[in-house]
């Protein structure tokens with residue numbers, strides 16, 4: 001499934017110019033481990049808050065395209081305002097390093113959410129799966 005690149009969102013929102021995006025893409029070729037958003041943040045082209053907003057918009061765009069598919073716990077938490085997009089990114093990066101640990105547990109361990117909040121979101125996620133199943137059989 002194709003999701004519009006973050007650079008397109010930033011240009012569309014008027015936060016950066018096409019020229020700034022082109023320069024960031026060239027820099028990304030040089031530093032393959034960096035994402036375009038990280039490059040733009042480091043160069044001062046966007047603020048952390050602006051990047052968080054655009055990442056959330058990009059996530060919503062993806063969510064709109066995947067309706068009917070089980071919602072990811074991180075998406076639910078961002079939608080509810082429990083965590084920011086940058087907190088989710090940090091937790092996902094941590095999850096790569098700790099392959100056996102679930103995202104929700106990492107979010108609790110990092111202090112981004114409480115255990116009670118995690119349980120609430122898991123319950124919401126399970127309910128949405130039940131709703132999807134009900135729609136399929138009725």
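Of note:
- Options 7, 81, 37: the member that is assigned by TED's automatic domain parsing to the domain that holds residue 126, at pLDDT 85 or above and either over 28 Å from residue 115 (Cβ atoms) or surrounded by fewer than 13 Cβ atoms within 10 Å (Cβ to Cβ) (or both): 81
- Candidate set: segment 42-52, residues that are at pLDDT 90 or above and buried (at least 17 other Cβ atoms within 10 Å of the Cβ); chosen: the one nearest to residue 90 (Cα to Cα): 46
The values are calculated or read from the model by the stated rules, or taken from the named source; none is laboratory data. All values derive from a computational prediction rather than experimental measurement. Positions of Cβ are generated from backbone atoms using ideal geometry, with glycine treated the same way; all protein chains shown enter the neighbour counts.
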